[in-house]
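**Student:** Got a structure for you, questions after.
The values are calculated or read from the model by the stated rules, or taken from the named source; none is laboratory data. Just so we're clear, the structure is a prediction, and the values are computed from it rather than from any experiment. All Cβ positions, glycine included, derive from the backbone under ideal geometry; neighbour counts span all protein chains shown. SASA here: full protein model, heavy atoms, side chains in, ligands and nucleic acids out. Shrake-Rupley method; radii C 1.70, N 1.55, O 1.52, S 1.80 Å.
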Amino acid sequence: MKTTTASLFLLFIFSITQSSFLFGVANATHDAVLDVNGDEVLVGVRYYVVSAIWGAGGGGLAIGRESDRKCPEIVVQRRRDVDYGHPVVFSNANSNDGVVRVSSDVRVKFEGPRDRLCLTSTVWKVQDKAESSGKRWVELGGSEGEPGCDTVNSWFKIEASFGSGMYKFKYCPSVCSSYATSCNVIEKDQDTDGQIRLALSDDGTGYPWIFIKADEANARIRQVVAA
């Protein structure tokens with residue numbers, strides 16, 4: 001009887017410990033993504049996505065265009081680190097959560113002025129493999145529909161990178177259970193036009209980015225200009 005009681009007690013302790021461990025792991029993988037000030041990145045708020053490597057790392061991400069194709073537009077990186085590019089807004093596959101979280105499915109959409117040559121959406125999506133380069137680039141024209149198999153190419157994940165407040169993008173959507181995909185990190189690469197773009201990689205570590213709230217960045221720029 002004593003042996004049975006002791007066994008049940010140990011099983012109870014083990015189950016609590018295991019549950020606590022799994023709960024901790026689940027929370028750790030869904031920590032909030034933080035901006036450059038250490039604040040939580042929020043859905044519906046405009047942020048610049050800027051290289052975490054200053055100087056030779058280049059500037060922010062922006063709307064671009066291939067020389068031989070008007071639409072859809074593409075995601076490019078500005079060359080100068082003082083050029084933050086165009087702001088983006090994030091939305092979660094989980095519409096009940098207003099915080100962007102690590103390892104969760106998010107949609108990325110450019111906001112701000114653009115020309116009228118292309119009227120497709122400014123939502124990021126993964127391009128089909130390019131015949132000329134064999135690359136799968138990140139372009140615009142993604143779907144703004146509900147998360148699911150029909151919109152699977154428009155969902156990305158944000159993962160922690162090398163240092164505090166640095167993040168990388170990954171294409172590993174969870175919004176469609178029947179969709180088989182490898183989990184690819186997203187690196188920078190140069191296309192035939194000489195533009196620096198985002199591309200899926202099978203073996204890279206992912207390029208590091210930081211998020212800067214657009215309103216604060218614009219306020220600093222106005223202060224510099226006025227000084």
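**Student:** Out of everything in the stretch 208-217 that is part of a strand (DSSP E or B) and in contact with a Lys or Arg (Cβ under 8 Å, 6 or more places away or on another chain), what residue ends up being surrounded by the most Cβ atoms within 10 Å (Cβ to Cβ)?
**Tutor:** Once the filter is applied, the top-ranked residue is 209.
**Student:** Quick check on my filter: what residues within the stretch 103-117 are within 17 Å of residue 45 (Cβ to Cβ) and open to solvent by 20 Å² or more (accessible area, probe 1.4 Å)?
**Tutor:** If the condition is that a residue be within 17 Å of residue 45 (Cβ to Cβ) and open to solvent by 20 Å² or more (accessible area, probe 1.4 Å), then 104, 107, 109, 111, 112 are the ones that fit.
**Student:** I need the full set of residues from the stretch 125-174 which are in contact with a Leu (Cβ under 6 Å, 6 or more places away or on another chain) and either free of Cβ contacts under 8 Å to residues at least 60 places away in the same chain or among the small types (Gly, Ala, Ser) (or both), in order please.
**Tutor:** Result: 165, 171.
**Student:** Determine whether residue 80 is assigned to a loop (DSSP other than H, G, I, E, B), open to solvent by 40 Å² or more (accessible area, probe 1.4 Å), out of contact with any Ser or Thr (no Cβ under 6 Å at 6 or more places or on another chain) and not hydrophobic (A, V, I, L, M, F, W, C). Spell out the reasoning first.
**Tutor:** Working: assigned to a loop (DSSP other than H, G, I, E, B): yes; open to solvent by 40 Å² or more (accessible area, probe 1.4 Å): yes; out of contact with any Ser or Thr (no Cβ under 6 Å at 6 or more places or on another chain): yes; not hydrophobic (A, V, I, L, M, F, W, C): yes.
Here the answer is yes, as residue 80 does meet what is asked.
**Student:** I've got another one for you. So is residue 75 assigned to a strand (DSSP E or B) and either open to solvent by less than 70 Å² (accessible area, probe 1.4 Å) or closer than 19 Å to residue 147 by Cα (or both) or not? Give the steps one after another, and end with the answer.
**Tutor:** Working: assigned to a strand (DSSP E or B): yes; either open to solvent by less than 70 Å² (accessible area, probe 1.4 Å) or closer than 19 Å to residue 147 by Cα (or both): yes.
Answer is yes for this residue.
**Student:** In the stretch 83-121, what residues are in a loop (DSSP other than H, G, I, E, B) and under 11 Å from the mean Cα position of the chain (by Cα)?
**Tutor:** Residues satisfying the conditions are 100, 102, 103, 104, 105.
**Student:** May I ask you to list the residues in the stretch 191-200 that are over 16 Å from the mean Cα position of the chain (by Cα) and of a type outside the set (A, V, I, L, M)? Walk me through how you get there before you give the answer.
**Tutor:** Applying the first criterion (over 16 Å from the mean Cα position of the chain (by Cα)) to the stretch 191-200 yields 191-196.
Answer for the stretch 191-200, where residues must be over 16 Å from the mean Cα position of the chain (by Cα) and of a type outside the set (A, V, I, L, M): 191, 192, 193, 194, 195.
Conditions (1) on the phi < 0 side of the Ramachandran plot; (2) within 16 Å of the chain's Cα centre (by Cα); (3) open to solvent by 30 Å² or more (accessible area, probe 1.4 Å), marked per residue:
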| position | (1), (2), (3) |
| --- | --- |
| 133 | yes, no, yes |
| 146 | yes, no, yes |
| 149 | yes, no, yes |
| 165 | no, yes, no |
| 178 | yes, no, yes |
| 184 | yes, yes, no |
| 189 | yes, no, yes |
| 202 | yes, no, yes |
| 206 | no, yes, no |
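**Student:** Is it true that some residue in the stretch 9-25 is closer than 30 Å to residue 88 by Cα, surrounded by 10 or more Cβ atoms within 10 Å (Cβ to Cβ), out of contact with any helix residue (DSSP H, G or I) (no Cβ under 8 Å at 6 or more places or on another chain) and modelled with pLDDT under 95?
**Tutor:** Yes, the stretch 9-25 contains at least one residue that is closer than 30 Å to residue 88 by Cα, surrounded by 10 or more Cβ atoms within 10 Å (Cβ to Cβ), out of contact with any helix residue (DSSP H, G or I) (no Cβ under 8 Å at 6 or more places or on another chain) and modelled with pLDDT under 95.
**Student:** Restricting to the stretch 39-67, what's the tally of residues that are in a loop (DSSP other than H, G, I, E, B) and open to solvent by less than 30 Å² (accessible area, probe 1.4 Å)?
**Tutor:** Looking only at that region, the number is 5.
**Student:** Quick check: is even one residue across the stretch 151-162 of a type outside the set (Val, Ile, Thr), surrounded by fewer than 19 Cβ atoms within 10 Å (Cβ to Cβ) and touching a helix residue (DSSP H, G or I) at 6+ places or on another chain (Cβ under 9 Å)?
**Tutor:** Among the residues of the stretch 151-162, not one is of a type outside the set (Val, Ile, Thr), surrounded by fewer than 19 Cβ atoms within 10 Å (Cβ to Cβ) and touching a helix residue (DSSP H, G or I) at 6+ places or on another chain (Cβ under 9 Å), which makes the answer no.
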